[in-house]
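Student: One structure follows; several queries about it will come next.
Readers should treat all values here as calculations from the given coordinates under stated rules, not as data from a laboratory. Everything numeric here is computed off the predicted structure, so don't read it as measured data. So basically every Cβ, Gly included, is an ideal-geometry build from the backbone, and we count neighbours across all protein chains shown.
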Amino acid sequence: MTGKGVTAVVNGMPVYVGSLGWAAEFGFAVPQAYEKLQESGKSVVAVFSDMELIGSVAVADAIRPESPAIIQALKDMGIEETIMLTGDHPVTAQAIAGQIGVTDVRAGLMPEEKLVAVKELQGIYGRVAMVGDGINDAPALAASSVGIAMGGAGTDAALETADIALMADDLEKLPYTIRLSRKTLRIIKENIIFALGLKIIALLLIIPGWLTLWIAIFADMGATLLVILNALRLVKIQK
């Protein structure tokens, strides 16, 4: 059941394993012990039948130790907002967000709701990059301005829809990728200006008759050399 959980027949009885919200749809109240687990940053998976709430399984995503530093690095680079979109319970999501330094959290989202959230953010900020690894992230990755998938842990759907795949699952590559992309775009613009500028100068020299064969060769070869040398500056960008 997309965004809810799974169901199977065990000894002739339907058994459901999924979110607490799904259990609530069957009329089961959430025990206080489950809420405490959520407040500690764990995701609680309910196990229930049509007649009773059998129990639960609490799982927790291990927070990468570098995550807080990565979030801060993105802010230092001028990224306006870092926002968490998750299908986890809001209490669990807030607990995790507090540990990594994210203040804007949108939790309990279905795949289509993540897609709506990305489009809403694009309306506010213009360009939005989405980082994800699950099949639930695929629609949002496809709709974002730049989709970034975690290559090692990511699902095939996420990898196929993303524009960039971090194959080593190294989040530290994210700020580096942004720096490299910005520098590349700036150098492309500079190279276009260099190339066109020399061509225009050569054309203007035709009018008074000052353009010689050697100047024409310099304008052609000079533009090529300038573009190559300028592009080599990308080698200096450190991870």
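Student: Test of understanding: among 178, 193, 148, 187, which residue is of a type in the set (A, V, I, L, M) and surrounded by fewer than 13 Cβ atoms within 10 Å (Cβ to Cβ)?
Tutor: The match here is 193.
Student: So, in segment 61-93, exactly how many residues are surrounded by 16 or more Cβ atoms within 10 Å (Cβ to Cβ), closer than 17 Å to residue 146 by Cα and touching a residue at least 40 places away in the same chain (Cβ under 8 Å)?
Tutor: Of the residues in that region, 2 qualify.
Student: If we scan segment 165-175, do we find a residue that is part of a loop (DSSP other than H, G, I, E, B) and at positive phi?
Tutor: Let us first name the residues in segment 165-175 that are part of a loop (DSSP other than H, G, I, E, B), namely 167-172.
Narrowing further to those that are at positive phi: 169.
Among the residues of segment 165-175, at least one is part of a loop (DSSP other than H, G, I, E, B) and at positive phi, which makes the answer yes.
Student: I need a count of the residues in segment 70-119 that are out of contact with any Pro (no Cβ under 8 Å at 6 or more places or on another chain), β-branched (Val, Ile, Thr) and not in a loop (DSSP other than H, G, I, E, B).
Tutor: 7
Student: Can you name every residue in segment 180-239 that is part of a helix (DSSP H, G or I), over 30 Å from residue 77 (Cα atoms) and not aliphatic (A, V, I, L, M)?
Tutor: Within segment 180-239, 197, 199, 214, 218, 220, 222, 224 meet the criteria.
Student: Please specify each residue of segment 120-133 satisfying the condition of being more than 17 Å from residue 74 (Cβ to Cβ) and surrounded by 14 or more Cβ atoms within 10 Å (Cβ to Cβ).
Tutor: Across segment 120-133, the qualifying residues are 122, 133.
Student: Just checking, which of 29, 23, 69 is under 27 Å from the mean Cα position of the chain (by Cα) and small (Gly, Ala, Ser)?
Tutor: Step by step, each of 29, 23, 69 is checked, and only 69 is under 27 Å from the mean Cα position of the chain (by Cα) and small (Gly, Ala, Ser).
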